[in-house]
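A short worksheet on the structure shown next.
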Amino acid sequence: MVQRSGAANSTKLAIGCGAGFASDRLDAAVELVERVALDWLVLECLGERTLAFAHRDRRADPRRGYDPLLERRMRALLPRCRARGTRLLSNMGAANPLAAAEATVAIARTLGLAGLKVAVLLGDEVTDLLAPDTPLHEGGTVGARGTLVGANAYLGCEALLPAIESGAEVILTGRVADPSLFLAPMLARFGWALDDWQRLAAGTVVGHLLECGMQVSGGYFADPGKKDVPDLARCGFPWAEVSEAGEAILSKTPGSGGLVNARTVAEQLFYEVHDPTSYLTPDVVADFSTVRIEEIGADRVRVAGARGAPRPATLKVTVGFDGGFLAEAEISYAGPNAAPRARLARSVLEERMRRVHGFAGPLRIDLVGLRSLHATALPEPAEAEDVRLRAALRAPERETGELLLWEVEALLTCGPAGGGGYRGRIVPQVTTASASLPRERVRTRVEVFEA
Amino acid sequence: MSRRVRLHTIAHARAGDKGDTSNVCLFAYDPRHYPTLLRALEPARLAAAFPKLFRGPIRRYELPHLSGVNLVLENALEGGVNASLNLDGHGKSWSYLLLALEVELLPDEPDPGS
């Protein structure tokens, strides 16, 4: 094992999560920074499809392509982070980290935060390293799949460390593996080696638990009467106190709503995990099956016991493709005989789309209130007195979507009695697939700006 | 007296997605109901219960120290967010689809909440 340079520090690291997805709350992030003396605040805002959409934004305007909420989040958080000595790390750079850094510097200047250092991690975009014959994990090749919009490698701690060691108060990235956003500050603080698999696994568990924000502190959990969560409307973001050994105590903003207990942690530990003994990141292969979860106080849970194995040889790449259009249209029926009227509307719409217009692609028509989300799995009940017909299709061109909207709206006067509440929308889509690249082909670098 | 209950009575669950693969982790509230949870979540039984939805292999990982089970359901998201026409393209609600399954409590198991 190679100890990295820089003195290991034995004190604990306080690291919090102030966003677990692009549309996460901002007021709760402000509360976390104000009420907890954090070393680091991490904002994880970049889903796979979010990044694919960001590539399209950048293509339309080279100054865009980073998180559209970056300005609002930075305005609220930068002054507070600076006042508290909390460093901010986020993947809001999305498809354009350089522009995100420039925007952040500009905001810092308008806020009077002279001298604020912003580091940006570059090199995750690998669109130019893919070839038409690059194989996809899902089968097929990049070239055969469709129109490429952009490709990004999941970077890990090794790439992030120079940004952290630059001392910058703000670090912006594009694609980095979500747990690595939390693990890298631990490595830097404690001087963990890049092949200290046990500690890297321990820190990865902490990152995995924090990366989805409130999903570990009461969000995505409440089930009234079964799993009650206090004051869910004021749910607090989570944070962890991490020791040099990689043990962590998970908690949330003091005085906030929400809940951190063994159940919220257990549910989140296996969220989007397949084989619990083999969770792959760019940094380590972590075994979650040995993790111990222990309640040690109110909203305080100790997490320890992960095991680690050497990191994968390759980096995972997410490849975004143009996905055509998703069209959705809805109309409602309520009161006596609502279900039969809604079923009649469904059969009319099917005949119009299939026979009159000859649409042969996938078309789904749900009757919300009878059965919708689980309609493929379960039979449709006979009765309900408030039913919403919801039709959806995907098509490469917008015109087919417009046809669906037209036909559903026409049900107002041409369909069953009492139909009301028509809505329709057409949204451009992206799709994603995965590929792999050898680590050495992905070259990263860090640039530092000053306000 | 029948002691047939929905899994929702004895367990809690969370669903996540990756591509067209869903994973649902479920945990018994009371470790004494863990054997029943395992019995209810036999992969073959799940495949037979929802053949049109769960169209691929089902892997089950047992987590006995947490009275838990992690189910990995391949080709179970109608194409996933890339392709699904389901309102819930992520299958966030698959947790509650499974919690609606009914199961008979064993004679030596306690009543729920006792």
Restricting to the stretch B:42-61, count the residues that are part of a loop (DSSP other than H, G, I, E, B) and over 19 Å from B:Gly79 (Cβ atoms). 1
Specify which of the listed residues (A:Ala345, A:Ala339) is touching a Pro at 6+ places or on another chain (Cβ under 6 Å), assigned to a helix (DSSP H, G or I) and small (Gly, Ala, Ser). A:Ala345
Test A:Arg72 against the stated conditions and say whether it is charged (D, E, K, R) and within 23 Å of A:Met214 (Cα to Cα). yes
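So which of A:Ala298, A:Ala262 ends up being under 20 Å from A:Arg234 (Cα atoms), surrounded by fewer than 22 Cβ atoms within 10 Å (Cβ to Cβ) and out of contact with any Pro (no Cβ under 9 Å at 6 or more places or on another chain)?
On the way: A:Ala262 fails: under 20 Å from A:Arg234 (Cα atoms).
Sole residue among the options that is under 20 Å from A:Arg234 (Cα atoms), surrounded by fewer than 22 Cβ atoms within 10 Å (Cβ to Cβ) and out of contact with any Pro (no Cβ under 9 Å at 6 or more places or on another chain): A:Ala298.
Taking only the stretch A:422-451 into account, find how many residues are over 30 Å from A:Ala345 (Cα atoms) and basic (Lys, Arg). Can you show your working first?
First, the residues of the stretch A:422-451 that are over 30 Å from A:Ala345 (Cα atoms): A:430-451.
Among the residues that remain, those that are also basic (Lys, Arg) are: A:439, A:441, A:443, A:445.
Residues in the stretch A:422-451 being over 30 Å from A:Ala345 (Cα atoms) and basic (Lys, Arg): 4 in total.
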Could we say that A:Gly146 is open to solvent by 10 Å² or more (accessible area, probe 1.4 Å) and touching a strand residue (DSSP E or B) at 6+ places or on another chain (Cβ under 8 Å) here? yes
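Among what's in the stretch B:21-36 and is open to solvent by less than 40 Å² (accessible area, probe 1.4 Å) and in contact (Cβ under 8 Å) with a residue 60 or more places away in the chain, pick the residue that is farthest from the other protein chains (Cβ to nearest Cβ).
First pass over the stretch B:21-36, keeping only residues open to solvent by less than 40 Å² (accessible area, probe 1.4 Å): B:21-28, B:30, B:33-34, B:36.
Filter once more, so that each one left must be in contact (Cβ under 8 Å) with a residue 60 or more places away in the chain: B:22, B:24, B:26, B:30, B:33, B:36.
Numbers: B:Ser22: 10, B:Val24: 9, B:Leu26: 9, B:Asp30: 12, B:His33: 14, B:Thr36: 17 Å.
So the residue we want is B:Thr36.
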Considering the stretch A:35-53 alone, what residues qualify as being farther than 19 Å from A:Val260 by Cβ and without any contact (Cβ under 8 Å) to a residue 60 or more places away in the chain? A:Leu43, A:Cys45, A:Gly47, A:Thr50
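From the residues in the stretch A:273-295 that are hydrophobic (A, V, I, L, M, F, W, C) and within 12 Å of chain B (Cβ to nearest Cβ), which one is most open to solvent (accessible area, probe 1.4 Å)? Give the derivation first.
So the first thing to find is which residues in the stretch A:273-295 are hydrophobic (A, V, I, L, M, F, W, C), and the list is A:273, A:280, A:284-286, A:288, A:291, A:293.
Remaining after also requiring within 12 Å of chain B (Cβ to nearest Cβ): A:273, A:280, A:288, A:291, A:293.
On the way: A:Val273: 0, A:Leu280: 109, A:Phe288: 0, A:Val291: 1, A:Ile293: 36 Å².
So the residue we want is A:Leu280.
Kindly state which strands (runs of 3 or more DSSP E) lie completely within the stretch A:359-451 and contain at least 1 residues that are open to solvent by 20 Å² or more (accessible area, probe 1.4 Å), in contact with a Pro (Cβ under 8 Å, 6 or more places away or on another chain) and among the β-branched types (Val, Ile, Thr).
Values: elements: A:363-368, A:386-395, A:420-438, A:445-450.
Correct list: A:445-450.
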Quick check: is even one residue across the stretch B:3-14 in contact (Cβ under 8 Å) with a residue 24 or more places away in the chain, open to solvent by 30 Å² or more (accessible area, probe 1.4 Å) and either within 10 Å of another protein chain (Cβ to nearest Cβ) or in contact with a Gly (Cβ under 9 Å, 6 or more places away or on another chain) (or both)? yes
Going through the stretch A:37-64 in order, the residues found to be open to solvent by less than 70 Å² (accessible area, probe 1.4 Å), under 16 Å from A:Gly93 (Cβ atoms) and either part of a loop (DSSP other than H, G, I, E, B) or not assigned by TED's automatic domain parsing to the domain that holds A:Leu88 (or both) are A:Glu44, A:Cys45, A:Leu46, A:Gly47, A:Asp61
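Would you tally the residues in the stretch B:59-93 being touching a Gly at 6+ places or on another chain (Cβ under 6 Å) and either more than 22 Å from A:Leu378 (Cβ to Cβ) or at the interface with chain A (Cβ under 7 Å from one of its Cβ atoms) (or both)? Can you show your working first?
As a first pass, look at the stretch B:59-93 and keep what is touching a Gly at 6+ places or on another chain (Cβ under 6 Å): B:74-75, B:77, B:80-81.
Next cut, either more than 22 Å from A:Leu378 (Cβ to Cβ) or at the interface with chain A (Cβ under 7 Å from one of its Cβ atoms) (or both) only: B:81.
Qualifying residue count for the region: 1.
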With respect to the numbered conditions (1) in contact with a helix residue (DSSP H, G or I) (Cβ under 8 Å, 6 or more places away or on another chain); (2) of a type in the set (A, V, I, L, M, F, W, C); (3) within 14 Å of chain B (Cβ to nearest Cβ), which one is the sole condition not fulfilled by A:Phe270? (1)
Open to solvent by 40 Å² or more (accessible area, probe 1.4 Å), touching a residue at least 60 places away in the same chain (Cβ under 8 Å) and either under 26 Å from A:Asp57 (Cα atoms) or away from every other protein chain (no Cβ under 14 Å) (or both) - does that describe any residue in the stretch A:166-184? yes
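Does the stretch A:324-342 contain at least one residue that is farther than 30 Å from A:Glu247 by Cα, of a type in the set (D, E, K, R) and free of Cβ contacts under 8 Å to residues at least 12 places away in the same chain? Working first, answer last.
Kept after step one, since they are farther than 30 Å from A:Glu247 by Cα, are these residues of the stretch A:324-342: A:324-342.
Now narrow it down to the ones that are of a type in the set (D, E, K, R): A:328, A:330, A:341.
Next, from what is left, pick out any that are free of Cβ contacts under 8 Å to residues at least 12 places away in the same chain: none.
No, every residue in the stretch A:324-342 fails to be farther than 30 Å from A:Glu247 by Cα, of a type in the set (D, E, K, R) and free of Cβ contacts under 8 Å to residues at least 12 places away in the same chain.
The values are calculated or read from the model by the stated rules, or taken from the named source; none is laboratory data. Please read these numbers as outputs of a predicted model, since none were measured by experiment. Ideal geometry is used to build each Cβ from the backbone, glycine not excepted, and the neighbour counts take in all protein chains shown. For the accessible areas, the whole protein counts, side chains as well, though only heavy atoms, and no ligand, DNA or RNA atoms are used. Shrake-Rupley method; radii C 1.70, N 1.55, O 1.52, S 1.80 Å.
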